[in-house]
Amino acid sequence: MRYQISGKQLDVGEALQTHVKTELAETVDKYMQRPTDATVVFSRAAHEYVCETTVHLSTGLTASAAGRAGDVYAAFEACREKMDKQLRRHKRRLKDHHRDRVSPVEFGDAGLYVLAAEEDESDTDSLAPVIVAEMETKVPTISVGEAVMQMELSHKPLLVFRNEKHGGVNVVYRREDGNVGWIDPRNSK
């Protein structure tokens, strides 16, 4: 597994890097056999140290966690415990609900556009938004349960995916009441 350990206006020494590599590898290997890379960033927020960790898995999932404490090692341990809990839940869900998957997750290419925020309300003649950035993203072909799991692991408010049952584009999203919503245009009447 590749590691990228850095600090934002904070010196990350060799001892801390060794500790992070050893402990994180132990945590990730316990639940996932093929992690690809991990990014760990340490920073300060007032009197606390903050540790943010992102682990990319070969299945296409991304797990991320953050921890805060008065000591840099304690901040990493808090972050590692959250990562451990996420990966444990993920593995349990895979065991319980997705035993049938024999092939890896397929990803399709899609366009990703960033639109400019409406600053000038007086120009209502133009309905075309201004495109600020144009990139490519990957859309996984997975089940609804796996999409919810991936959305929760990545801490994102929504996930666009291709439903493996019928191949249609679907969306799962976090609702304001805390529940998860699922949009499947194919089932509309």
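The values are calculated or read from the model by the stated rules, or taken from the named source; none is laboratory data. All values reported here derive from a predicted model rather than from experimental measurement. FYI the Cβ positions are ideal-geometry reconstructions off the backbone, even for glycines, and counts take in every protein chain you see.
Descriptive notes on the structure:
- Selection status of residue 36, of a type outside the set (D, E, K, R) and part of a strand (DSSP E or B): yes
- Meets criteria (of a type in the set (A, V, I, L, M), over 16 Å from the mean Cα position of the chain (by Cα) and modelled with pLDDT of 85 or more) for residue 41: no
- Test for residue 80: is it at pLDDT below 90 and either closer than 24 Å to residue 151 by Cα or assigned to a loop (DSSP other than H, G, I, E, B) (or both): no
- Counted residues, region 149-189 - those being touching a Leu at 6+ places or on another chain (Cβ under 9 Å), buried (at least 18 other Cβ atoms within 10 Å of the Cβ) and in a helix (DSSP H, G or I): 4
- Residue check for residue 89: in contact with a helix residue (DSSP H, G or I) (Cβ under 7 Å, 6 or more places away or on another chain), surrounded by 10 or more Cβ atoms within 10 Å (Cβ to Cβ), at pLDDT 70 or above and within 30 Å of residue 48 (Cβ to Cβ): no
- Answer from 12, 20, 55 - the residue that is under 26 Å from residue 157 (Cα atoms) and surrounded by 13 or more Cβ atoms within 10 Å (Cβ to Cβ): 55
- Complete set of residues in region 132-148 that are part of a strand (DSSP E or B) and without any contact (Cβ under 8 Å) to a residue 60 or more places away in the chain: 132, 133, 134, 135, 136, 137, 139, 141, 142
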